[in-house]
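One structure is given below, encoded as structure tokens.
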Amino acid sequence: MFSFEEPILLCFYSAILLLVAYQLFRFRLVLTGLPAPARRAISVLPLLAVLIPANGALEFTSVIHSGPTILYAVQLSSFIVLAFVIFNLIWLIRFMPKPQKKLIVLAIGAHPDDIELGCGAALLRYKVEGHETHGIIFSAGEGGVPDVLRGSGNPRKKEAEKGGRVMKLDSLTVHAFPDTKLVSRQDDIKRVIEEVTRQLHPDVVFTHNRHDLHCDHHTVFLATMEAARRVPTILCYENPNTPPGFQPNCYIDVSLYLEYKIKALKCHVSQTASRPYLEEDLVHSLATVRGGQARLRAAEAFEAVRFTV
């Protein structure tokens, strides 16, 4: 089936296939959002990286070792693999169901790292499934900068932007409202949310919950309830300050995206030493507990103010 006249060409082709297989492995979590036939088609690329060079090598040595049976077997295997890929690609193009309505998702947080902690994995899942995701943060969190870093300015805005890139947000806006004093600017915060919802027309809004004891978080929750009153779905997330009164009634399966949530949280380097709740084990544990409540491997939990399917 394949004929390689030059060993250099064989090595080059093999290297390209192995490189593709490596890149697929690197982005394996994002690829999980593809339809099953597409995932199966992609999964055979590492096999092709082995079969095709092996096929070429046997062709080069078949004259010396005269093993036509083995050669034909390898050629047939390569043909089957390619036919499998082609069949799935045709199915994907011709018979794939039309995608569902594209949703616009807006995540609202008081400080950098709030969105990642509360709904970071859910945001990535929405994005992988083809929806549009945006984030608003109302304070750059200057009050949470460790003393050793204060002389060099506030790094938290850049950390938030890095986290947004990990979550694949379409946009992220970090405002400069005063940290720990958002209650004094509640009306202004409400007007910002109203303007954003007017521009984006979001279908889903994530925000802080009513039980949160942090004054900034509670202020953002109240402002969201007023400003996003016409949004069909509002989901309130939890964070380390959430008391036991938080009673989730909505769970999102994030088993395939938890690794990226942790990666986004690791962008907040200025906080990792002083905020033990950012530790990977604790993030995993909470996701496992919430997943167990919903009969899932891992989940993010929410209190739904409204939920429209």
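Evaluating 6.51 cos²θ - 1.76 cosθ + 1.60 at θ = phi - 60° for every residue in region 171-178, the Karplus couplings come out as 7, 9, 10, 10, 8, 10, 5, x Hz, glycine and proline recorded as x.
Our estimate of slack between C250 and E195, defined as 0.36 nm per intervening residue step minus the Cα-Cα distance, is 17.1 nm. Listed by chain and number, the lysines whose C-alpha is less than 18 Å from the C-alpha of K102, apart from same-chain residues fewer than 8 away, are K127, K168. Taking the DSSP bridge list for region 104-306 and keeping only pairs wholly inside it, about 30 percent are antiparallel.
Near E116: Cβ cut-off under 15 Å, other residues only, Lys/Arg at +1 and Asp/Glu at -1. The net charge is +3. Only lysines eight or more places from K190 in sequence, or on another chain, were considered; those with a Cα closer than 20 Å are K181. In plain terms, the chain from L296 to S152 could stretch by 47.5 nm, reckoned as 0.36 nm per residue minus the Cα-Cα distance. Other residues whose C-beta falls under 12 angstrom from the C-beta of V309 contribute a net charge of +1, scoring Lys and Arg +1 and Asp and Glu -1. If the segment from R229 to D170 were pulled out straight at 0.36 nm per residue, it would be longer than the present Cα-Cα gap by 18.9 nm.
Sort D179, D113 by Cβ crowding within 10 Å, fewest neighbours at the top.
Working: D179 20, D113 28.
Listed from fewest to most nearby Cβ atoms, that is D179, D113.
Quick check on the exposure proxy: order F307, F177, F302 from fewest to most C-beta atoms within 10 angstrom. If you can, show how the numbers build up before the last one.
Details: F307 13, F177 20, F302 26.
In order of increasing Cβ crowding within 10 Å: F307, F177, F302.
Count the net charge of all other residues whose Cβ sits under 12 Å from the Cβ of A299, scoring Lys and Arg as +1 and Asp and Glu as -1. If you can, show how the numbers build up before the last one.
Details: positive: R125, K261, R290, R295, R297; negative: E238, D253, E300.
So the environment of A299 carries a net charge of +2.
For C119, C267, C236, the sequence from fewest to most other C-beta atoms within 10 Å is C267, C236, C119.
All of the numbers you see were taken from the coordinates with simple rules; none came from a lab. In this text the structure is predicted, and so the values were computed from the model without any measurement. No Cβ is skipped: glycine too gets one built from the backbone with ideal geometry, and neighbour counts run over all protein chains shown.
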